[in-house]
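Report on the structure given below.
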Amino acid sequence: MTAASTTSQSESNLPDAEPSPLSWDAIAKKAESIYRDHNLNPGFDIEQLIKNLGGEIVRQDFDEWQKTEDGSIVVLGPQNFKIYLSAFTGLFRNRFTLAHELGHYFIHSKCGIRPLKAARSGTNKAEGQANWFAGALLMPKDVFLRACREWKDDDLLAGHFQVSGAALQRRKEILNVG
């Protein structure tokens, strides 16, 4: 199911996400506190979490996706944000993308206090921080390390957390899991 909506003119005029002064460790702790505060479990329903937070997911088909350079997230205020998501990518990719955009919401907009938009692509520090947040939200350190001790098979681990093999490997590198 796709939505034909695109960002409005007022959404396009929002400032871009700026890097946070938070340390990498503080960003991970923020993600893990959200995981705990919302009583999440591995493979949790991230779309429901977004709805609970007041967000909307707008799925764009291939033509819509190609025609826009708009941001992947637009934050208008507390409990008022839209995440633009490709309708043609897979579940595990989408979960990471949604968690990444939540990173912008929690870290860069401070839960909507600072309205903003975040570009769909980029490699700046704010994007790296959102990726860091996403990994910690989907695979919190203690939960992840416990699962790594229980299962040695990466396919089982990726399935348990519903993440791609690449996301799993990156989290293992970050947490120094052999």
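Among the listed residues 163, 177, which satisfies the condition of being open to solvent by less than 10 Å² (accessible area, probe 1.4 Å), among the aliphatic types (A, V, I, L, M) and either modelled with pLDDT under 95 or part of a loop (DSSP other than H, G, I, E, B) (or both)?
On the way: 177 fails: open to solvent by less than 10 Å² (accessible area, probe 1.4 Å).
One residue alone meets the criteria, 163.
If I filter region 108-142 down to residues being closer than 23 Å to residue 80 by Cα and among the basic types (Lys, Arg), which single residue comes out as most open to solvent (accessible area, probe 1.4 Å)?
110
Pick from region 14-27 the residues that are open to solvent by less than 30 Å² (accessible area, probe 1.4 Å) and not polar (S, T, N, Q): which of them is nearest to residue 131 (Cα to Cα)?
27
Looking at (1) open to solvent by less than 20 Å² (accessible area, probe 1.4 Å); (2) in contact with a helix residue (DSSP H, G or I) (Cβ under 7 Å, 6 or more places away or on another chain), which one does residue 30 not meet, given that it meets all the others?
(1)
Could you list, in sequence order, all residues of region 74-118 that are modelled with pLDDT of 95 or more, more than 14 Å from the chain's Cα centre (by Cα) and among the small types (Gly, Ala, Ser)?
77, 112
Return yes when residue 85 is without any contact (Cβ under 8 Å) to a residue 40 or more places away in the chain and among the aliphatic types (A, V, I, L, M) and no when it is not.
Taking the combined requirement at face value, the residue satisfies it.
For region 84-96, check the following and say yes or no: at least one residue is in a loop (DSSP other than H, G, I, E, B), crowded, with 18+ Cβ neighbours inside 10 Å and touching a helix residue (DSSP H, G or I) at 6+ places or on another chain (Cβ under 9 Å).
No, region 84-96 contains no residue that is in a loop (DSSP other than H, G, I, E, B), crowded, with 18+ Cβ neighbours inside 10 Å and touching a helix residue (DSSP H, G or I) at 6+ places or on another chain (Cβ under 9 Å).
Can we say residue 145 is open to solvent by 50 Å² or more (accessible area, probe 1.4 Å), more than 29 Å from residue 78 (Cα to Cα) and among the hydrophobic types (A, V, I, L, M, F, W, C)?
So residue 145 fails the test.
The values are calculated or read from the model by the stated rules, or taken from the named source; none is laboratory data. Keep in mind the model is a prediction, meaning the values are calculated, not measured. Positions of Cβ are generated from backbone atoms using ideal geometry, with glycine treated the same way; all protein chains shown enter the neighbour counts. Surface areas here come from the heavy atoms of the whole protein model, side chains and all, with no ligands, DNA or RNA. Shrake-Rupley method; radii C 1.70, N 1.55, O 1.52, S 1.80 Å.
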